[in-house]
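FYI, it's all coordinate maths here, none of it is from the lab. Since the model is a prediction, treat every value here as computed from it, not as a measurement. For neighbour counting, all protein chains shown are included, and Cβ atoms are generated from backbone atoms with ideal geometry for every residue, glycine included.
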Amino acid sequence: MAEKKPIETNWMQKADVMVAIFVLCIIVMMVVPLPPLLIDILIATNIMLAMMTILTVMYISKAIDFSVFPSLLLLSTVFRLALEVSSSRLILLGRGGEVGIINAFGSFVVGGNYVVGIIIFAILTVIQLLVIVRGTTRVSEVSARFTLDSMPGKQMAIDADLNAGYITEQEALKRRVEIRKEADFYGAMDGSAKFVQGDVIAAIVIIIINIIGGLIVGVIMRGEPLGDAIRAYTTYTIGCGLSAQIPAFLISVATGIIVSRAASDQSLGTDLAKQLTSQPPVLWITSGGLLLLAFTPLPKAPLLLLSGVAATLGYIMSRTEKRKAVEEKEQAKKDELEKIKKPESVASLLMVDPMELEVGYGLIPFIDPEQGGDLLERITMLRRQSALEQGIIVPPIRIRDNIQLPSQTYIIKIRGVEVGRGAIKPEHYLAMKVKDDAPDIGGEETTEPTFGLPALWITEEKKSYAEKEGYTVVDPPSVVATHLTEIIRRHSSELLGKQEVQTMVENIKEKYPTVVSELIPEHLTLGELQKVLQNLLKE
């Protein structure tokens, strides 16, 4: 007997079919007259969809957690407009009172006064169009632009962490995918925000057309008294408009929240509660301000009540902060005692990085992408170049600052042993003679660190002149990158350890398993293969 799948699994598998049917139903709603009961159900569905949307937006921690929102925004807008078309058809046919929700919004919600209904509808529309929609549109435009502008920096930061060994290839790939999703989301929201604006304008046009059309149908075609026609058709039209405008208002608020939401690990409600009550003095001052207002002609009961609530919250948060501070101190003491009790672990001190680049503090701008440094990107490229030219995978090069070094000096180490050293001058260029008869261009004499050639440090103003006179001019990051490339070439045999050989064998085994199984370990051990490869690299 076949195993039954859970209901939620079957539902999720058929969700794509349900969405397709939903879109087709929207088209049918615009053409086929619907019975009042079905319109009631669809209006309730519209309200439910809007409530689910805004609550989902409030509970997510990052905007890309709701990446389907732009498409949902389009579908909900079209669904709402199709619903207004179907409702308008019934109202103009004189059956508006048969739709329970429209009748309730037109009579109970606005007290049966269509003038009040028009005013409420106008207020909701003005708030939505001039406040929420306009702000949302601007925020979405700025978010899209800044997200796209920050992509190169984020990519470089990922490459830097990968080269330094802080993250794995899988983690780097995951971060790149998240960056791409974030860019796609805010790019889509930049255009999707216009749906909300168009929806509000369409609602205004529809309600005007319904009132005018209702008067024409009632007075001219049916011969109803003008007062009765105005009262009936305006009331039902306002009910239809409010039943659509309130869900649209919720969707607009959800759009504003999601485009203005900063990335966080918690929901919006949790962040609001935590950050608004994080400063007890703010609550006490608020309580005092409300207490002072209670001595004015304003109603005293609500002011005194809220003043007491604010003071109570301030007292509770103050006690909570003090308790947390005491707990943190006690925990810190416990951690120190545990460290003293535990035997010292020196195993981590024995770990040596295969290759290191130590720099003085004056060279940090060449490494930091936020300061325009591209040395990390160059190191990535030279590792790829070594893999293509020499056939070895250079281990990640750990880069660290060393305050004991002179500010403009760098050191290259292999397995903890210094194999190269150099000094570079920021905001200068290294000029080397290509022709012996090249004229003297002036500059600070130095020695090129890679090959020991005589060179000059020149300023940027002399760069074009030096190149014209036959000098080879390179920038400081290129000097370091060239030095690293030459060090890798000279010491490639030392960088090829057993672990690297094992990695190479495993990669080859995926495509040529038979060849590898015949060679290792029957004819060669891993250590012997390592020696063979090291000798080839030395030659």
* Asked: With θ set to phi - 60° and the Karplus curve 6.51 cos²θ - 1.76 cosθ + 1.60, what are the ³J(HN,Hα) couplings of the range 218-234 in order, to the nearest whole Hz, using x for Gly and Pro?
  -> x, 7, 7, 7, 9, x, 6, x, 4, x, 5, 5, 4, 5, 5, 5, 5
* Cα→Cβ-extended label distance, 7 Å offset, between Asp440 and Glu528, nm -> 6.3 nm
* Would you kindly state how much longer the chain becomes between Glu377 and Thr296 on full extension, computed as 0.36 nm times their sequence separation minus their alpha carbon distance, in nm to one decimal? => 22.6 nm
* Asked: For Arg384 and Leu37, what is the calculated FRET efficiency with R₀ set at 56 Å and r taken between the beta-carbons, to the nearest 0.05?
  -> 0.25
* Structure fact -> To the nearest 20 debye, the chain has a Cα-centred charge dipole, built from +1 on Lys and Arg Cβ and -1 on Asp and Glu Cβ, of 2060 debye
* How much mean residue ellipticity at 222 nm does the chain get from its helices, if each DSSP H run of length 4 or more adds -39500 (n - 2.57) and you divide by all residues, to the nearest 500 deg cm²/dmol? -> -21500 deg cm²/dmol
* Considering amide H positions built from the backbone, and no H for Pro or chain starts, which residues 5 or more places from Arg421, or on another chain, come under 5 Å of its amide H? -> Ile412
* Asked: Tell me, in nm to one decimal, what length is gained between Glu98 and Glu171 on full extension, where the rule is 0.36 nm per residue of separation less the Cα-Cα distance?
  -> 20.4 nm
* Per DSSP, loop trypsin sites (Lys or Arg not before Pro) in the range 429-489 with at most 15 further Cβ within 10 Å -> Lys435
* To do: Work from the charge dipole of the range 150-261 (Cβ charges, +1 for Lys and Arg, -1 for Asp and Glu, about the Cα centre) and give the residue of Ala254, Val200, Leu242 farthest towards its positive end.
  => Leu242
* Structure fact -> If unit charges are put on Cβ atoms (+1 for Lys and Arg, -1 for Asp and Glu) and the dipole of the range 498-538 is taken about its Cα centre, the option from Leu536, Ile520, Gln502 lying farthest towards the positive end turns out to be Leu536
* Correct choice for volume of the Cα convex hull per residue in Å³ that was computed from the model, options (i) 339; (ii) 152; (iii) 143 -> (i)
* Which whole-angstrom value gives the distance between the alpha carbon centres of the range 370-445 and the range 292-308? -> 70 Å
* Centre separation in Å (Cα based) which lies between the range 239-255 and the range 130-145 -> 18 Å
* To do: List the GluC sites (Glu not before Pro) within the range 416-519 that fall in a DSSP loop (any state other than H, G, I, E or B) and whose Cβ has at most 14 other Cβ atoms within 10 Å.
  => Glu427
* Report the full-extension gain for the segment Ile123 to Ser517: residue separation times 0.36 nm, less the Cα-Cα distance, to one decimal in nm. => 134.0 nm
* Going by how many other beta carbons lie within 10 Å of each one, how would you line up Met221, Met58, Met51, fewest first? -> Met221, Met51, Met58
* To do: Using the Karplus curve 6.51 cos²θ - 1.76 cosθ + 1.60 with θ = phi - 60°, work out ³J(HN,Hα) for each residue of the range 395-406 in order, rounded to whole Hz, and write x for Gly and Pro.
  => x, x, 8, 7, 10, 8, 8, 10, 6, 7, 7, x
* Structure fact -> When Phe66, Phe185 are arranged by how many other beta-carbons sit within 10 Å of their Cβ, fewest first, they go Phe66, Phe185
* For the range 498-538, size of Cβ-based charge dipole, Lys and Arg +1, Asp and Glu -1, in debye -> 180 debye
* Structure fact -> Most packed first (mean Cβ within 10 Å per residue), the peptides 401-407, 379-385 order as 379-385, 401-407
* Taking Cα pairs under 8 Å and at least six residues apart, what relative contact order does the chain come out at, in percent? -> 13 percent
* In whole angstrom, how far apart do the alpha carbon centroids of the range 11-44 and the range 267-289 sit? -> 44 Å
* Specify which residue in the list Ser61, Gly96, Ser478 is farthest towards the positive end of the charge dipole of the chain, using unit charges on the beta carbon of Lys, Arg (+1) and Asp, Glu (-1), about the Cα centre. => Gly96
* Asked: Which order do Ser267, Ser517, Ser86 fall in if you start with the one that has the fewest other Cβ atoms within 10 Å?
  -> Ser517, Ser267, Ser86
* Take the Cα of Leu536, step 7 Å along the line toward its Cβ, and report every residue of the range 377-411 whose backbone nitrogen sits under 18 Å from that point. => 385-395
* **Computed E for Ala20/Ile393 - FRET, C-beta separation, R0 41 angstrom, nearest 0.05** => 0.30
* Zone of Glu506 (label point 7 Å along Cα→Cβ, backbone N under 15 Å): which residues in the range 367-389? -> none
